[in-house]
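Please read the structure below before turning to the comments.
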Amino acid sequence: MTCIDRRDLGLLLLRLGTGGVLAAHGTQKLFGWFGGGGIEGTGAFMESVGYKPGKASAVAAGLVEAGGGALLALGLATPAAGAAAAGGMAGAAAVQAPSGFFAQSGGYEYAAFLGLVPACLAVTGPGRLSLDHALGHLVNRDWMVPVAFAATAIGTMGVIAARNRNLRLAQAAPSEQEVKEGPFGAEAPGGAARGA
């Protein structure tokens, strides 16, 4: 019997910490726990940043974070869990990218870090203190890593592309005020344009 080494303990701590943070973020979105917005609040936010429909996007993001985080913490299906969490964080980083890198200015630093760690765990594996190890790595095979990342990349690129398209359409569409005022501005009583 082999004893547990530093690497296994380090991977356990990394999985528990990162998986716990991701799971907590997911439950904020899904259930409104820890001061989160729940499906309604998160859905409204998702809609406002271009992820439409908002409620479906909130459910998807919540499931990716809560499910991926819980699986990472347990060390179960590590390739799929890590890739899914990384994809979810790529979607969050896309929202924050216009603000630059650093989190203090609203940038994507935190989302990038929360995506990088699960991606690394997907590649390295969960270590021996994991359900994957206890189950003989049934859902943690080497071939699963590139498959999980490829599937996640395709899905994530599609979601981000749809968001970007939604944002472009929203910028191109006239506002409600512009539609009410018409092409010549608001009209004063008697049909004369204001300011004329």
Q: Determine, yes or no, whether Ala93 is of a type in the set (A, V, I, L, M, F, W, C) and open to solvent by less than 50 Å² (accessible area, probe 1.4 Å).
A: yes
(Q) So Gly69 ticks every box in (1) closer than 27 Å to Glu40 by Cβ; (2) open to solvent by 20 Å² or more (accessible area, probe 1.4 Å) but one. Which box is left unticked? (A) (2)
Q: Sort through Ala80, Ala66, Ala112 and tell me the only one that's free of Cβ contacts under 8 Å to residues at least 24 places away in the same chain and aliphatic (A, V, I, L, M).
A: Ala112
(Q) Looking at Gln104 and the list (1) open to solvent by 40 Å² or more (accessible area, probe 1.4 Å); (2) modelled with pLDDT of 95 or more, which single condition is not satisfied? (A) (2)
Q. Could you say which residue among Ala44, Ala83, Ala93 is within 11 Å of the chain's Cα centre (by Cα) and of a type in the set (A, V, I, L, M, F, W, C)?
A. Ala93
**Q.** Filter result for the condition that a residue is on the phi < 0 side of the Ramachandran plot, buried (at least 22 other Cβ atoms within 10 Å of the Cβ) and not β-branched (Val, Ile, Thr), over Ala77, Ala84
**A.** Ala84
Q) Taking helices (runs of 4 or more DSSP H) that do not extend beyond the range 1-102, which have at least 2 residues that are within 18 Å of Leu131 (Cα to Cα) and in contact with a helix residue (DSSP H, G or I) (Cβ under 8 Å, 6 or more places away or on another chain)? A) 6-31, 54-74, 78-96
Q: Note down all Cβ pairs under 8 Å where the first residue falls in the range 130-157 and is under 20 Å from Leu16 (Cα atoms) and modelled with pLDDT of 95 or more, the second is in a helix (DSSP H, G or I) and of a type in the set (Asp, Glu), and they're at least six residues apart or on different chains.
A: Val139/Asp132; Asn140/Asp132
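Rundown of residues vs (1) over 18 Å from Gly69 (Cβ atoms); (2) open to solvent by 60 Å² or more (accessible area, probe 1.4 Å); (3) at pLDDT below 95, yes/no style:
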| residue | (1), (2), (3) |
| --- | --- |
| Met1 | yes, yes, yes |
| Asp5 | yes, yes, yes |
| Leu14 | no, yes, no |
| Gly19 | no, no, no |
| Ala24 | no, no, no |
| Trp33 | no, yes, no |
| Gly41 | yes, no, no |
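The values are calculated or read from the model by the stated rules, or taken from the named source; none is laboratory data. Because the structure is predicted, anything quoted here is derived from the model rather than measured. Methodologically, a virtual Cβ is constructed for each residue, glycine included, from the backbone with ideal geometry; neighbour enumeration extends over all protein chains shown. For the accessible areas, the whole protein counts, side chains as well, though only heavy atoms, and no ligand, DNA or RNA atoms are used. Shrake-Rupley method; radii C 1.70, N 1.55, O 1.52, S 1.80 Å.
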